[in-house]
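No value in this document is a laboratory result; all are computed from the given coordinates. All values reported here derive from a predicted model rather than from experimental measurement. A quick note on method: Cβ atoms are made from the backbone with ideal geometry, for glycine too, and the neighbour counts reach across all protein chains shown.
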Amino acid sequence: MAARPIVRFPDPQLRQRSAELDGVDDSVRQLVAEMAETMVEAEGAGLAAIQVAVPLRLFLIDGQVAGGPEGAPPKVFINPEILEISAEAQTGDEGCLSFPDVFVPVKRGLRAKVRAIDLDGNSFEAEGEGLYARALQHETDHLNGRLLIDQVGPVKREIIKRKLRKDAEAERQEAAEREPARRARSAG
Ligand code: NI
């Protein structure tokens, strides 16, 4: 089992609408296990399959965020459907593993109710409040190609894009600087 690379904005993959799963088989269980590892390693509160380049309607939410005890395994949502979002709202900083180090205030419903299928193929309903409700709404957005950056105004959007471009460029430069050193070592 291994963590997978996370697809980052502005990769166009993140804009597609993910497809429903036909059912739960070993390949889905394997994908979930790898997503769980990816999410834990990246310290995310949630992760949608499209964020590891798999366009299927599936996401995980951190077990504790989903109301479980400390150390609870991530909660799995397959083919999730939002049943209800409360009119009562919350505004709080929101992040996304596809937007490293970006946190922006986003208004969401305070409570959300979702119906989904679990890893055993059973239908269940879950209702979350606060951070859990925020995560349910954020991850469902991913399945429809909707992203954190769509939740902010045009000025903030430009600032985020510029920051991510700069970070990506710095990363590329760092990698390029490491490369000759590695070559030199292997040559020696
Ligand atoms: Ni996200």
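In this Cβ point-charge picture (+1 for Lys and Arg, -1 for Asp and Glu), the chain has a dipole of about 960 debye about its Cα centre. For A126, the shell of other residues with beta-carbons less than 9 Å away shows a net charge of +1, using +1 for Lys and Arg and -1 for Asp and Glu.
Count Lys and Arg as plus one, Asp and Glu as minus one, and take only other residues whose Cβ is under 14 Å from that of P69; the net charge is then -1. Between the residues I78, L148, L164, the greatest Cα displacement towards the positive end of the dipole of region 63-188, with unit charges on the Cβ of Lys, Arg, Asp and Glu, is found for L164.
Within the straight-line cut-off of under 19 Å between alpha carbons, the lysines reachable from K107 are K156, sequence neighbours fewer than 8 places apart in one chain being disregarded. For the chain, the membrane-span-like helices by this rule, meaning whole DSSP H stretches whose C-alpha atoms cover at least 15 Å of axis and whose Kyte-Doolittle mean is 0.0 or above, are 26-42; this says nothing about an actual membrane. For region 63-166, chymotrypsin sites (Phe, Trp or Tyr not before Pro) are listed when DSSP marks them as loop and at most 16 other Cβ atoms sit within 10 Å of their Cβ; the list is empty.
The trypsin sites (Lys or Arg not before Pro) of region 1-65 that meet both conditions, a loop assignment by DSSP and at most 15 other Cβ atoms within 10 Å of the site Cβ, are R17. Other residues with beta-carbon under 11 Å from the beta-carbon of R111 carry, at +1 per Lys or Arg and -1 per Asp or Glu, a net charge of -1.
Can you give the calculated 222 nm mean residue ellipticity of the chain, where each DSSP H run of n ≥ 4 adds -39,500 (n - 2.57) and the sum is split over every residue, rounded to the nearest 500 deg cm²/dmol?
-12000 deg cm²/dmol
Extension gain for K163 to A53 (0.36 nm times residue separation, less C-alpha to C-alpha distance): 37.3 nm. Spin-label model, S123 to I82: label points 7 Å out along the Cα-to-beta-carbon direction sit 2.1 nm apart.
Are there GluC sites (Glu not before Pro) in region 1-83 that DSSP marks as loop and that have at most 16 other Cβ atoms within 10 Å, and which are they? Spell out each step's value before the answer.
Details: sites: E20, E34, E37, E41, E43, E70, E81; in loops: E20, E43, E70.
Of the GluC sites (Glu not before Pro), the ones in loops of region 1-83 whose Cβ has at most 16 other Cβ atoms within 10 Å are E20, E43, E70.
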